[in-house]
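The values are calculated or read from the model by the stated rules, or taken from the named source; none is laboratory data. This one's a predicted model, so the numbers in the text were calculated from it and none came from an experiment. Note: ideal-geometry Cβ built from the backbone for every residue, glycine included; neighbour counts use all protein chains shown. Heads up: the accessible areas ignore ligands, DNA and RNA and are worked out on the full protein's heavy atoms, side chains in. Shrake-Rupley method; radii C 1.70, N 1.55, O 1.52, S 1.80 Å.
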Amino acid sequence: MEEFIDYAKVIMGTLGHKVFEPVKKPATQKSDNTTTTVSDEIANLYLERRIKNVGKVEANGSQTSEGFVVFKNSHIATVDDDTIPDVIKERRKNASVDEQGILQEDMLFTSPSYAAMFVIGKSANGLTSKLEG
């Protein structure tokens with residue numbers, strides 16, 4: 001059975017799907033009362049936007065080798081706009097989000113733009129929407 005799993009990992013990885021791989025998070029080091037993130041590969045990003053009829057949304061994420069990760073506990077818009085692709089609408093519909101719009105799990109996206117659209121609920125360019133933090 002392990003041989004079939006390994007074969008499936010190779011095929012899915014070749015096609016660009018990271019189905020069987022966990023999302024990598026930055027390594028952290030604790031010293032005394034401070035926690036520092038140790039990773040040159042991963043850039044932590046922060047998005048804050050005030051949306052009419054929704055309020056303020058705030059999200060944290062990282063660019064990783066797998067794509068772009070929006071972290072758990074990010075606050076996303078609870079309303080969809082007609083300008084986002086159906087793929088993002090479906091991801092928003094199936095995402096684990098509480099009634100206040102707080103994301104309950106890390107979400108992996110193929111691009112920063114898809115991640116920004118997921119958070120904002122409207123069409124967005126992820127490269128210009130993000131604020132480095």
Task: Number of the exception - Ser31 against (1) surrounded by 10 or more Cβ atoms within 10 Å (Cβ to Cβ); (2) modelled with pLDDT under 75 - done: (1)
TODO: Sort out which residues of the range 69-81 are open to solvent by 80 Å² or more (accessible area, probe 1.4 Å) and polar (S, T, N, Q), and write them in order of number.
DONE: Asn73, Thr78
TODO: Being open to solvent by 50 Å² or more (accessible area, probe 1.4 Å) and acidic (Asp, Glu) is the filter; apply it to the range 48-68 and report the residue that is modelled with the lowest pLDDT.
DONE: Glu48
TODO: Of the conditions (1) under 28 Å from Gly121 (Cβ atoms); (2) touching a strand residue (DSSP E or B) at 6+ places or on another chain (Cβ under 8 Å); (3) modelled with pLDDT under 75, Val19 clears all except one; give me its number.
DONE: (2)
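Here's the yes/no breakdown for (1) more than 15 Å from Val54 (Cβ to Cβ); (2) open to solvent by 70 Å² or more (accessible area, probe 1.4 Å); (3) touching a residue at least 12 places away in the same chain (Cβ under 8 Å); (4) out of contact with any strand residue (DSSP E or B) (no Cβ under 9 Å at 6 or more places or on another chain):
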position: Thr83; (1), (2), (3), (4): no, yes, yes, yes
position: Arg91; (1), (2), (3), (4): yes, yes, yes, no
position: Val97; (1), (2), (3), (4): no, no, yes, no
position: Met107; (1), (2), (3), (4): yes, no, yes, no
position: Thr110; (1), (2), (3), (4): yes, yes, yes, no
position: Ala115; (1), (2), (3), (4): yes, no, yes, no
position: Lys122; (1), (2), (3), (4): no, yes, yes, no
Open item on the list: Could you list, ordered by first residue, the pairs with Cβ atoms under 6 Å in which the first is in the range 47-69 and touching a residue at least 60 places away in the same chain (Cβ under 8 Å) and the second is in a loop (DSSP other than H, G, I, E, B) and open to solvent by 70 Å² or more (accessible area, probe 1.4 Å), at least 6 apart or interchain?
Closed with: Val54/Val79
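In the range 124-133, which residue that is out of contact with any strand residue (DSSP E or B) (no Cβ under 8 Å at 6 or more places or on another chain) and under 20 Å from Lys52 (Cα atoms) is modelled with the highest pLDDT?
Keep residues of the range 124-133 that are out of contact with any strand residue (DSSP E or B) (no Cβ under 8 Å at 6 or more places or on another chain), which gives 124-125, 127-128.
Cutting the leftovers down to under 20 Å from Lys52 (Cα atoms) gives us 124-125, 128.
Working: Ala124: 79, Asn125: 74, Thr128: 66.
Residue satisfying both the conditions and the ranking: Ala124.
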